[in-house]
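Data block below; observations after.
Please treat every number below as a calculation from the coordinates, not as lab data. Just so it is clear, the structure is predicted and the values come from calculations on it, not from any experiment. Heads up, the Cβs are rebuilt from the backbone with ideal geometry, glycines too, and the neighbour counts pull from every protein chain shown.
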Amino acid sequence: MNNNITYYDWVPFFRAICEKIAEFAKDATNRETKLLEIANNTFQQKHAILQHSTIDPFSYIYALAQRNTKNQRIDTFTSAKNAFGLAEPIPTDYVFPTPTPHTLSLFYSKGNYINKDESTIGNAYLWNLFTQVYNGSIIDENDFRNVLSLKNVRFSKLSQAMFLINPKQYIPFDTQMNSLPVSELADLKQVVSKIDKKGISIYHQAIEKLKNAFPGCDLYEINLLNVLINSADQDQLRVSYKYCQVSSWVNGQKDKDYIQDFIDQNAVWTGGEESTSGTKTYPVTDFTKGDIVLVRRGTKKLGGVALVVHNEYLPNGYEKDKSIKVVWLVKQEKKIEDDALGQWAGFSHASEKTIRKFREAYPATFIFLDNIRKIQKVMINHSAEKYKNLILQGPPGSGKTRLAKQIAEWLTSDAEKSTSLIEAIDKQIFQKEPEIEDNEQVKLIQFHPSYTYEDFVRGIKVDAEGEKIKYDVENRILASFAEEAAKAENQHKAFVLIIDEINRANLTSVLGELIYALEYRGKSVNSLYKLSGGTNEIVLPHNLYVIGTMNTADRSVSHIDYAIRRRFTFIPVLSDDSAITHNKAKSLFIVVKQIFDDHTSPEFDQQAIQIGHSYFLVDDNEIAMKLKYEIKPLLIEYINDGVLLESAKEKVNDLNV
């Protein structure tokens, strides 16, 4: 996290806005007029919320949260602050539900509050539900169900807005929550399905289970923790195995217990000259993001457990006004009944005894930490991974497609990712036969000379409706696969598109503007086609990997131009005789290799054209048929194409096993 961020300062800002709206809500006659006036002074005139004469609190709050860039937020939040006459500062912490730019932020459709049965139900239910959520009062089941029935509303969107209105009592059950390792909420889609069927009570039960997993923590703190540990970029909070201990009596017994200050400021610090140790020398620079903080309150009381998100003492060591910023896992006093801990140092490495006592006091918290570590072992920081576009190049039969499948299986599997992708390839860690057929995170296609942009990225779909012809723009495999990979619930999963024979198509034409998107992941580019009722923008997310295979022996296919070549990493995949296990096949491989040694045309690199080992991966009973119907015909074709010299013909004809 940026060290200029004040954690959770969005909470009082949104609360102040909702307080003003709650005052409007009391006047049913004029509330829409008042909120529309505020909206006019908040949003730019082209904003969808200003195109109709109706409005509701959920639409305003959700649209406000949808400002997705820093400048948008500052400008819009400043306008909202001025429109309401607020004293609260503009937030610096934006870890709250921010709908994607093209999400329908409004809770109405074209100015009408229509349910999914196309019946108009009005917006009174939204105003009622807003008041109930804001006040933290009992939710009326009828109001809840009517809001959930609206055409533009699903529970994910509704829970996001409820969280923005009252983040102490509600939390977004959006796709981000799918990966939170709380056993009762392991399948959040199933929980949401139950809410749709049985109502608000299921939501309340789930929230209680979540709060029980993080005693003393507010729901907005749990949300931040969830976002940080599941982030797929450089902001990810990876849990380490390092523990420090800090006493809330930062200056010793001569001063006071600072536990409430630790909680209020989401930070811990150590003492100065009045501390028990009588020194300012603490190992404060030994700990960094992801390390665990054990908060003690003397020798027999414990205060809680937190994770470091930013250490202000780095790199200069102790300074009076600095602290270690944390996100809390548990804020709950516990008393040690038996053997007390040793003297409370202001800040130090936690001893084995201290760690054990905390584990005994907060068992659920330590189970949570262990679960996160297990999950993060197999997670890839996709933003940090430099090599997302690969081309495996080599002669026919060298195992390029097999290797592509192995890479895809490794990227999408639960195997521990202790190396980067390029290191894994370099170390040749892939051994077993890949199985990707039923893997929804892997797609395999094959290019051919007539393949086009409209086949690969986005194109026009033609349908017959009676005697009429209907034209619709439709995402093809790349755009639809990228859209799936970009979903919040998939952000730390790898999605792999394997393109066999990638150089057989005209890549410049097939990729179009996606040439830019391959390099600048997460940035939108404008497609040639605009989706019906949607956008012409396409984004390739960080977790989408493109692996192509290229036959280096085939001169009939188009070359890859430098602009495209610069955006791919080329990995040679050559013949490997160690993979051949049967004697006759091994002997034949050696003879064929000698033909290439002696008769390769000077125009060719022998390694790039020598046929691969996969032609020889058969037992001694099958190798004769392999030679007759596959190896010899290919070698003759090589001679006809000038890859092998005419002098090789006699040697090829004499081949036998």
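In cubic angstrom, how much convex hull volume per residue do the alpha carbon atoms of the chain span? Write down the numbers at each step before the final one.
Values: hull volume 146.7 nm³, N = 657.
Given the Cα convex hull of the chain, per-residue volume reads 223 Å³.
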Rounded to one decimal in nm, the spacing of the 7 Å Cα→Cβ label points at ASP577 and GLN265 is 7.1 nm
Of the residues GLN72, ALA87, PHE368, the Cα lying farthest along the dipole of the chain towards its positive end, which is defined by charges on the beta carbon of Lys, Arg, Asp and Glu, belongs to ALA87
Flagged links, alpha-carbon separation over 32 Å, of LYS211/LYS487; LYS194/LYS335; LYS427/LYS530; LYS405/LYS586:
LYS194/LYS335; LYS427/LYS530
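Based on the Cβ-Cβ distance of GLN44 and GLU23, what FRET efficiency does E = 1/(1 + (r/R0)^6) give at R0 = 22 Å, to the nearest 0.05?
On the way: r = 25 Å, r/R0 = 1.16.
Calculated transfer efficiency: 0.30.
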Would you please classify the overall shape of region 243-377 from the alpha carbon gyration tensor, given that a ≥ b ≥ c denote the square roots of the eigenvalues, rounded means a/c under 1.5, and beyond that prolate means a/b larger than b/c while oblate covers the rest?
oblate
Kirkwood Rh in Å, taken over all unlike Cα pairs in region 24-98
13.0 Å
Ranking request for peptides 264-271, 583-590, 40-47: highest mean number of other beta-carbon atoms within 10 Å first, then the rest in descending order.
264-271, 583-590, 40-47
Ranking LEU148, VAL308, HIS382 by how far each Cα lies towards the positive end of the charge dipole of the chain (+1 on Lys and Arg Cβ, -1 on Asp and Glu Cβ), the top one is VAL308
Taking the dipole about the Cα centre of the chain, with the C-beta of Lys and Arg at +1 and of Asp and Glu at -1, give me whichever of GLN132, LEU224, ILE631 is farthest to the positive side.
GLN132
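What FRET efficiency, computed as 1/(1 + (r/R0)^6) with R0 = 22 Å and r the Cβ-Cβ distance, is obtained for THR92 and ALA488, rounded to the nearest 0.05? Mind dumping the intermediate values first?
Working: r = 23 Å, r/R0 = 1.03.
The formula returns an efficiency of 0.45 here.
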Rounded, prolate or oblate: which one fits region 10-230, using the alpha carbon gyration tensor with axes a ≥ b ≥ c (rounded when a/c is under 1.5, else prolate when a/b beats b/c, else oblate)?
oblate
With viscosity set to 0.692 mPa s and temperature to 37 °C, compute the Stokes-Einstein D of region 302-439, Rh being the Kirkwood radius across alpha carbon pairs; µm²/s, no decimals.
167 µm²/s
Nearest 20 debye, what's the magnitude of the dipole of the chain about its Cα centre given +1 on Lys and Arg Cβ and -1 on Asp and Glu Cβ?
1480 debye
Kindly flag which residue pairs out of LYS400/LYS628; LYS209/LYS443; LYS189/LYS357; LYS417/LYS523; LYS20/LYS189 have an alpha-carbon separation exceeding 29 Å in this structure.
LYS209/LYS443; LYS189/LYS357; LYS20/LYS189
Computed lengthening from LYS189 to LYS211, 0.36 nm per intervening residue step minus Cα-Cα distance:
6.0 nm
Hey, with R₀ at 56 Å, roughly what FRET efficiency would ASN653 and ASN142 work out to, going by the Cβ-Cβ distance, to 0.05?
0.05
Rel. contact order, % - alpha carbon contacts under 8 angstrom, at least six apart, the chain
9 percent
Cβ-based exposure ranking for LYS256, LYS417, LYS34, in which fewest neighbours within 10 Å come first
LYS256, LYS34, LYS417
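Quick one: length gained pulling HIS52 to ASN115 fully straight, 0.36 nm per residue minus the C-alpha distance? Intermediate results must be reported in sequence, preceding the final value.
Working: separation 63, 0.36 × 63 = 22.68 nm, distance 1.79 nm.
Here the segment from HIS52 to ASN115 would lengthen by 20.9 nm.
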By Cβ neighbour count within 10 Å, fewest first, LEU403, LEU518 rank LEU518, LEU403
